[in-house]
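Below is one structure; the comments refer to it alone.
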Amino acid sequence: MDNTKGPFVFTEWHHGGLFQAMVNLFEKRLGGLVFAPVGFEWVENGYWRYALGPATIKQYLDKASCVLGSDGFFYYYDEAELRTQRRITLKQFKEIEFDILLCTLTEHQDIYVELKEKYQKKAKLIRLSGNAFEDIDFDSYKNFIDTTALYHPPLDVNYILLHQEFPLCYFYYTPPKKEKKIKVFINEFVSQPEKVLFDELRKRMLEFQFFVHGSHGDDGFITGLDKLGDAIRDSTFIFHPKGLGEGYGHLIHNFYACGRPVITFKEYYRGKIAEKLLIDGVTAIFMDGLSLDEIVNKIRYYSKPSYLFKMSFNAYQIFKKVVDFDREEKEFRNFMAKLK
């Protein structure tokens, strides 16, 4: 492991996109190594509290899902992210000297403090949030990575606002096709209140094809970033009223990298990191305060080829303007130089 000059980072895996964004940041850009836990002893010793159902624990921590590498570490292939993760047992965690303990879950905040005090006294604690409405312990965590724009820490906290990096080789712009397709990619959309509105639009807009992807969606869950990118580019608009629980929003950033405008409510993104992508009538279609007839007419208006192609290209252009992973790397290096 002496072949790296970057930081050794320990963090959780609970969201594939977030974990791979941290791999992109600390490994690809800083030359370090990122590790996640494996083995049920993490639970048995009280160092894992997220989703404690037996099936979920097995999903996140089962060694049987991994391959043991020649270096002694466990490797798990994430079929959704098309990337391999490096994992370690609790025993290995105690033997490795880490530079950073990166906590991404409210449930684990005190756990990471304890892990530092007991086994990793030299490591720096960093708290990262990708969700709305998290309880952040700024007394214990003096380094904070915000990927939502929703948090305003005390002045003594080393703070940075970042976009979670994803591979642009899968999410790239192509002009929209002639077919009119409106798609949803929200998990459990069938239980969301906006499903009623979606169904009404489907009844009235017979010239459009409507698709619902995600868990319990009629058109199936899409596995693999390559297939997800293809499905996004195969759409005209994305119906994406994600609701007030949206934090960073991997999907909405994926949509704009592909140049696909969303149909949503401005209120759902007010003050959030994705808000800068959304300009009504330019890169998005807002439904706030509109009747059903007005929403239908607005979608039809912007689906005319001359408006649609311009709006799609605008969506791609604003993504390039707002999201610059190379620029943010420079800002992150400054953040790292000031770790407390």
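When the residues of the range 132-150 are filtered to those that are outside any loop (DSSP other than H, G, I, E, B) and of a type in the set (A, V, I, L, M, F, W, C), which remaining residue is farthest from Leu162 (Cα to Cα)? First the steps, then the outcome.
Pass one, the range 132-150, residues outside any loop (DSSP other than H, G, I, E, B): 143-146.
Still in the list and also of a type in the set (A, V, I, L, M, F, W, C): 144-145.
On the way: Phe144: 10, Ile145: 7 Å.
Top of the filtered list is Phe144.
Among the listed residues Met336, Met311, identify the single one that is in a helix (DSSP H, G or I), over 26 Å from Leu197 (Cβ atoms) and of a type in the set (A, V, I, L, M, F, W, C). Please lay out each step first, then the result.
On the way: Met311 fails: over 26 Å from Leu197 (Cβ atoms).
On inspection, the qualifying residue turns out to be Met336.
Being part of a loop (DSSP other than H, G, I, E, B) and within 15 Å of Gln92 (Cβ to Cβ) narrows it down to one residue among Gly39, Gly46; which is it? Can you show your working first?
Working: Gly46 fails: within 15 Å of Gln92 (Cβ to Cβ).
Every option except Gly39 fails the conditions.
Any residue in the range 154-178 that's within 23 Å of Gly247 (Cα to Cα) and modelled with pLDDT of 95 or more: show its pairings with residues that are hydroxyl-bearing (Ser, Thr, Tyr) and in a loop (DSSP other than H, G, I, E, B) at Cβ separation under 6 Å, as long as the two are six or more apart or on different chains.
Leu162/Thr147; Gln164/Thr147; Gln164/Tyr248
Within the range 153-167, count every residue that is surrounded by 15 or more Cβ atoms within 10 Å (Cβ to Cβ) and assigned to a loop (DSSP other than H, G, I, E, B).
8
Which residue out of Lys183, Lys195 is touching a helix residue (DSSP H, G or I) at 6+ places or on another chain (Cβ under 8 Å), buried (at least 21 other Cβ atoms within 10 Å of the Cβ) and not β-branched (Val, Ile, Thr)?
On the way: Lys195 fails: buried (at least 21 other Cβ atoms within 10 Å of the Cβ).
Of Lys183, Lys195, the one residue that is touching a helix residue (DSSP H, G or I) at 6+ places or on another chain (Cβ under 8 Å), buried (at least 21 other Cβ atoms within 10 Å of the Cβ) and not β-branched (Val, Ile, Thr) is Lys183.
Of the residues Ile136, Ile111, Ile57, which single one is touching a residue at least 40 places away in the same chain (Cβ under 8 Å), β-branched (Val, Ile, Thr) and surrounded by fewer than 21 Cβ atoms within 10 Å (Cβ to Cβ)? Give the derivation first.
Values: Ile136 fails: touching a residue at least 40 places away in the same chain (Cβ under 8 Å); Ile57 fails: touching a residue at least 40 places away in the same chain (Cβ under 8 Å).
Of Ile136, Ile111, Ile57, the one residue that is touching a residue at least 40 places away in the same chain (Cβ under 8 Å), β-branched (Val, Ile, Thr) and surrounded by fewer than 21 Cβ atoms within 10 Å (Cβ to Cβ) is Ile111.
Would you mind stating whether Phe237 is of a type in the set (Phe, Trp, Tyr), surrounded by 15 or more Cβ atoms within 10 Å (Cβ to Cβ) and over 18 Å from the mean Cα position of the chain (by Cα)?
On the way: of a type in the set (Phe, Trp, Tyr): yes; surrounded by 15 or more Cβ atoms within 10 Å (Cβ to Cβ): yes; over 18 Å from the mean Cα position of the chain (by Cα): yes.
The answer is yes for Phe237.
Checking the condition at pLDDT 95 or above, over 19 Å from Pro167 (Cβ atoms) and assigned to a helix (DSSP H, G or I), which residue from Ala64, Ala55 passes?
Of the residues listed, the single one that is at pLDDT 95 or above, over 19 Å from Pro167 (Cβ atoms) and assigned to a helix (DSSP H, G or I) is Ala64.
Only one of Gly224, Gly259, Gly271, Gly245 is more than 21 Å from Glu194 (Cβ to Cβ), in contact (Cβ under 8 Å) with a residue 60 or more places away in the chain and surrounded by fewer than 19 Cβ atoms within 10 Å (Cβ to Cβ). Can you tell me which? Quick ask: steps written out before the conclusion?
Working: Gly259 fails: surrounded by fewer than 19 Cβ atoms within 10 Å (Cβ to Cβ); Gly271 fails: more than 21 Å from Glu194 (Cβ to Cβ); Gly245 fails: more than 21 Å from Glu194 (Cβ to Cβ).
Just a single option satisfies the conditions, and that option is Gly224.
Before we move on, is Lys304 surrounded by 14 or more Cβ atoms within 10 Å (Cβ to Cβ), charged (D, E, K, R), without any contact (Cβ under 8 Å) to a residue 40 or more places away in the chain and more than 23 Å from Asn24 (Cβ to Cβ)? Before the answer, list the steps.
Numbers: surrounded by 14 or more Cβ atoms within 10 Å (Cβ to Cβ): no; charged (D, E, K, R): yes; without any contact (Cβ under 8 Å) to a residue 40 or more places away in the chain: yes; more than 23 Å from Asn24 (Cβ to Cβ): yes.
Judged against the criteria, Lys304 is not a match.
Can you say whether Ile273 is within 15 Å of the chain's Cα centre (by Cα), of a type in the set (Val, Ile, Thr) and at pLDDT 95 or above, as far as the supplied structure shows?
Numbers: within 15 Å of the chain's Cα centre (by Cα): yes; of a type in the set (Val, Ile, Thr): yes; at pLDDT 95 or above: yes.
Taking the combined requirement at face value, the residue satisfies it.
Can you work out which of the residues in the range 14-31 that are modelled with pLDDT of 95 or more and within 19 Å of Thr89 (Cα to Cα) is nearest to the chain's Cα centre (by Cα)?
Phe19
The values are calculated or read from the model by the stated rules, or taken from the named source; none is laboratory data. Just so it is clear, the structure is predicted and the values come from calculations on it, not from any experiment. Heads up, the Cβs are rebuilt from the backbone with ideal geometry, glycines too, and the neighbour counts pull from every protein chain shown.
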